[in-house]
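Here is the structure we will look at.
The values are calculated or read from the model by the stated rules, or taken from the named source; none is laboratory data. Keep in mind the model is a prediction, meaning the values are calculated, not measured. Reconstructed Cβ throughout: ideal geometry from the backbone, glycine too, with neighbour counts over all protein chains shown. With ligands, DNA and RNA removed, areas are computed over all heavy atoms of the protein, side chains included. Shrake-Rupley method; radii C 1.70, N 1.55, O 1.52, S 1.80 Å.
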Amino acid sequence: MKKTYSKEVEKLFFYGETNISEPWPNYVVELSLKRVHINELIELIINSDLSKATSGFTIKDFAPRHAWRALGQLKAIVAIKTLLDALIDEKNEEAFDYRVELPYVFLLIGDKSIIELELFLKNEKIEWNYKLIIFETLVKFAIQKPIHKELIINISNDLIIKYNREPYFISYILNALFKIEPVNSEIVKEVIHEEKYDFTVINKSELIEFIKKSKMYD
């Protein structure tokens, strides 16, 4: 475990508490972080218990939260695997704020994240609750840049086919997908027509709107 960091990265341990409801500081400007610091920031993530970054046992425990945000601002493509591994790391099972902020980190890193996120979704060893976080991230990419919409819908089709006996999971996929209006997806229409979703989870107003816009029963 690394015990010492460069003076720029070391500042993260004393930078203070932060809140998911507040705007992120510009770490690149305020702490003079540069691409040369990316490997140290990655190491900080690997060596930390991100669950503590949620509850903030001490000021120093917020350092990894600052680090993952900084990796996003530095557009650290090489950090993508580490960030995904941290998501499913058992020691981070209570890292709730990490799960909330991770999609925005990937959005900052940019479009080159998409390939890695898609591979994550295809990994059969990963539980679907983690896959849902990543799928919702991909939907955010499609909202940000509609050019990605068709790809994300195709990815959702694969997930729906694979998890066709998991109505709970499919419902969350549909809820995210409704945000980009997949009105031409025959697979989505089929799932809805055959009611392969969970009525307690599905966003009913969005469901009704989708049925109207897709003209399923016209």
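Below is a table of values for the structure above.
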item	result
Debye intensity ratio I(q)/I(0), log10, segment 115-155, q values 0.22 Å⁻¹ (C-alpha model)	-0.66
Ranked by how many other beta carbons lie within 10 Å on average, peptides 87-95, 163-171 from highest	163-171, 87-95
Nearest-0.05 FRET efficiency for Glu90 and Ile115, computed from C-beta distance (R0 35 Å)	0.85
Average accessible area per residue (Å²) across segment 85-218 - probe 1.4 Å, nucleic acids and ligands excluded	55
Ranked by how many other beta carbons lie within 10 Å on average, peptides 199-207, 59-67 from highest	59-67, 199-207
Over the chain: Kirkwood hydrodynamic radius from C-alpha pairwise inverse distances, Å	18.6
Around Lys7: net Lys/Arg minus Asp/Glu count, Cβ-Cβ under 13 Å	-1
Gyration tensor (Cα) of segment 1-101, equivalent ellipsoid semi-axes in angstrom	18, 15, 14
Cross-link table Lys34/Lys162; Lys52/Lys145; Lys140/Lys215; Lys34/Lys60; Lys11/Lys122; Lys145/Lys212, entries beyond 31 Å C-alpha to C-alpha	Lys34/Lys162; Lys52/Lys145; Lys11/Lys122
Electrostatic dipole magnitude of the chain [Cβ: Lys, Arg +1; Asp, Glu -1; Cα centre; debye, to 20]	580
With every protein chain in place, the chain: carbon and sulfur % of accessible area (1.4 Å)	53
Computed Kirkwood radius, in angstrom, where 1/r is averaged over Cα pairs of segment 53-165	14.7
Normalised contact order of segment 51-206, rounded percent, pairs of Cα under 8 Å and 6 or more residues apart	17
Reciprocal of mean inverse Cα separation for segment 115-218 (Kirkwood radius, Å)	13.7
